[in-house]
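Presented below is the structure to which this report refers.
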Amino acid sequence: MSAVGKEKRKEPQKPESLSQVAAVVTDRIRVPWLWGGARKVDLSVIPPLILLPVLLHLAALHFLLGIVALIALPGLVLWYYYFTHRKKGKTLFFLSMALFSLAYMYFLFITEVLPRGDVGLAQLSVLTVGLFLTLAALFHAKRAPGVVLPNQEEVHSTVTYYSPLAERDHAINGGRQDMTMTAPNRGAGSWEESGEEPKESSQRNWCPACRAARPPRAGHCRICGICVLRLDHHCVWINNCVGQANHCSFLLTLVLFLLTSLYGISLVLQSVCPTQPLLTSLLYCPGVYSQHSTALCFTCAWYCSVVTAGLLHLLAAQVINVSHNVTEREARQALRDKTARRAYWGLVVDTGAYSLGFLGNWAEFMTMGDKLSPDSPARKDLV
Ligand SMILES: [Zn+2]
Ligand SMILES: [Zn+2]
């Protein structure tokens, strides 16, 4: 384990060779699986299991160490995020961090806060139900996000005309060959009938990697290697794309987590800092570092607060986007192309392209997942 840890720490210096070493180690470490056979263990699952308890216990020793640890932890996570994002690699680090944080916070609540006797059975039950509802919504959000399936007919009719993989990118950017072969299968509005050159928008609607014609608002995720209907973004925390099929569950996960987390934080602070008003106890709680147990609970309340603040910002951005019927991907694209109304430091990005009014946008958002049943013709129709 320590050897692996060393490799992980050195990784930034020699990312290529060490990634290969990690791949070999990952390939060799297998655990017996309940349903027979053995499964590979992704090493990126392990660091959060060590990092979180070590940093939280360290932070509980002194409030200055607490400040350092609570800055270092998000810093490390952000650094790792940009490191993996640059490589467009899939990693279980963030999902492991999210699930282990939930489990570890609940474990500490049971072992450190509950014995203090300030939390009743009803409060514990509410917290437990909140945790399980969050997990249920999270696993629901981990379903397929709504994958754009290549039309088999199109694939068969066009596959022989493709240039080799290495040249394909060039063919998309420069050539029109792929477009010519597939456009007739894409139904009404074909540019070929009029003999015109394909427009920029047509080019964007064809994914060479998936060999699929994308409906409007679909996008290709380079991390998952799939095209997703109404792609919002790739979420590292659920290790999945957020698209038409799971966007609603994703938002529900956020809401349930935030409610549970805020309730948990308030219970912990009321227990370890009973003399202070709830709103100020996070900033001023005299004597909390006199015992390691109370200091640990206080540190965990701070850790949850940092995570909660980050996710509140994400929820606000998501709610604003849904209210304007804009996806995160469209918002970024519109900001790049300067084609959107922008307000509040980029928190509000309104393209106006798909908006049906506030209620209409939310009604479409709540029902868009249902339009994806295999029998529904709306699979490709939803805009
Ligand atoms: Zn694609
Ligand atoms: Zn993805």
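The values are calculated or read from the model by the stated rules, or taken from the named source; none is laboratory data. Computed from a prediction, not measured in an experiment: that's the story for all the values here. Here the Cβ is made from the backbone with ideal geometry for all residues, glycine too, and neighbour counts use every protein chain on show.
A few comments on the model shown:
- Filtering the stretch 268-281 to residues that are in contact with a Leu (Cβ under 7 Å, 6 or more places away or on another chain), buried (at least 16 other Cβ atoms within 10 Å of the Cβ) and among the hydrophobic types (A, V, I, L, M, F, W, C) leaves only Leu269.
- All positions within the stretch 40-66 that are touching a Ser or Thr at 6+ places or on another chain (Cβ under 8 Å) and outside any helix (DSSP H, G or I): Lys40, Val41, Asp42, Ala60
- Among (1) in contact with a His (Cβ under 7 Å, 6 or more places away or on another chain); (2) farther than 15 Å from Val147 by Cα; (3) aliphatic (A, V, I, L, M) - the single one Val242 does not satisfy: (2)
- The stretch 73-100, residues that are of a type outside the set (A, V, I, L, M, F, W, C), crowded, with 18+ Cβ neighbours inside 10 Å and in a helix (DSSP H, G or I): Tyr80, Ser96
- Flag for Trp302 being away from ligand 1 (no atom under 16 Å from the Cβ), closer than 26 Å to Val45 by Cα and assigned to a loop (DSSP other than H, G, I, E, B): no
- Looking at the stretch 213-280, the strands (runs of 3 or more DSSP E) lying wholly inside it that each contain 3 or more residues that are within 23 Å of Val306 (Cα to Cα) sit at 233-235.
- The single residue among Leu252, Leu312 that is closer than 30 Å to Lys371 by Cα, in the same structural domain as Ala144 (by TED's automatic domain parsing), surrounded by fewer than 16 Cβ atoms within 10 Å (Cβ to Cβ) and not charged (D, E, K, R) turns out to be Leu312.
- If you go through the stretch 208-235 and pick out every residue that is away from ligand 1 (no atom under 12 Å from the Cβ) and of a type in the set (D, E, K, R), you end up with 3.
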